[in-house]
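One structure is given here, and the rest of the page talks about it.
The values are calculated or read from the model by the stated rules, or taken from the named source; none is laboratory data. Everything numeric in this text was worked out from a predicted model, so none of it was measured. Quick reminder, even Gly has a Cβ in these numbers, built from the backbone with ideal geometry, and neighbours come from all protein chains shown. Keep in mind that these areas ignore ligands, DNA and RNA; they rest on the heavy atoms of the full protein, side chains included. Shrake-Rupley method; radii C 1.70, N 1.55, O 1.52, S 1.80 Å.
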Amino acid sequence: MKHSSVIIFLALALSFVASCHWNPYDEKLAEIDGLTLSNPDSAIVLLSDIDVADFSSDANRFYYDLLCLKAVDKAGYTIPSDSGVVDMVSYFESHDERKLAEAYYYAAKAYQGMNDAPQAIAYFQKVLDQPLDSTNKLLSNAFFHSGCIFRQQFLREASVDMFERSYRCDSIRKDTVNMIESLQHIAYALGMNHYTPELMDSVVLFYNKAKNLASRSNNLKEKTNCYVYLS
């Protein structure tokens, strides 16, 4: 009986370890994934060389679709249509929650690039609904880009709220560059249409916060951006 219990325990333990390291994706795609952040243009070239017909599983095909969106976004390009975006998101919703926040985020960025504000906001909200830690960059970015969309629609309060949430996340992450950018965008949002003297005081306050934060930083680019906006 004791021997059987040990065997059962070991089997469960091995099953748990295997599930933790479960990875259905092609190793080459995983390598390209790492390249999307450091050199997205190279990632795009490598992705374009891949024949999707060679994939033997849906997992690799939809991971490929996700990487295409990610690389294009990181390289600063936009996609011409949403073809395949919904199917890609649906796959990860059903098969791999580990990549779901990322799938939602890059779907949102795709729609944002196509100027489809309702769809972009809907997907950014799905990112915010995920159980992400406050230090997760996707969370901060989802807040930030939601703020940008609301600002374009002249929704001052909603925009400022999103930028402030992004700032708090970046403060926890100690991401000075993004903190400065969020402070600047709070000022932009406060200063847009139909402002009052009281709002302009807040605009100057947040601009000065951005300027002071940049002054304490060693990053010349941050300082330059702030002084240009504040001049």
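Only Cα sites of region 42-123 enter the Debye sum here, all with the same form factor; the resulting log10 I(q)/I(0) across q = 0.23, 0.26 1/Å is -1.15, -1.35, listed in q order.
When the solvent-accessible area of region 40-170 is split by element, carbon and sulfur atoms take up 47 percent of it, the probe being 1.4 Å.
Here the simple spin-label model places points 7 Å from the Cα toward Cβ, and for A75 and R216 these points are separated by 3.9 nm. For S134 and N115, the difference between the fully extended length at 0.36 nm per residue and the C-alpha to C-alpha distance is 4.1 nm.
If you add up the charges near E93, with Lys and Arg at +1 and Asp and Glu at -1, over every other residue whose beta carbon is less than 11 angstrom from its beta carbon, what do you get? Counting the neighbours of E93, the net charge comes to -1.
Taken per residue, the accessible surface of region 63-218 reaches 49 Å², heavy atoms only and a 1.4 Å probe. Here L199 and R98 are evaluated by their C-beta separation; at R0 = 45 Å the FRET efficiency comes out at 0.55. Q153 sits among other residues whose Cβ lies under 15 Å from its own Cβ, and their net charge, with Lys and Arg +1 and Asp and Glu -1, is -1. Would you mind checking the pairs K74/K126; K126/K174; K99/K211 and listing those with alpha carbons more than 29 angstrom apart? Long pairs (Cα-Cα over 29 Å): K99/K211.
Computed 3J(HN,Hα) for region 53-65, one whole-Hz value per residue from the Karplus formula 6.51 cos²θ - 1.76 cosθ + 1.60 where θ = phi - 60°, is 5, 6, 5, 9, 9, 5, 4, 5, 5, 7, 5, 4, 4, glycine and proline marked x. Contact order for region 148-187, expressed relative to its length and based on alpha carbon pairs under 8 Å spaced 6+ residues apart, stands at 37 percent. In region 91-151, Cα pairs under 8 Å separated by at least six residues give a relative contact order of 29 percent. A crude spin-label estimate for the pair F55 and S38, with each label 7 Å from Cα along the Cβ direction, gives 2.4 nm. Highest-first packing order for the peptide set 148-159, 126-137 is 148-159, 126-137, based on the mean count of other beta carbon atoms within 10 Å.
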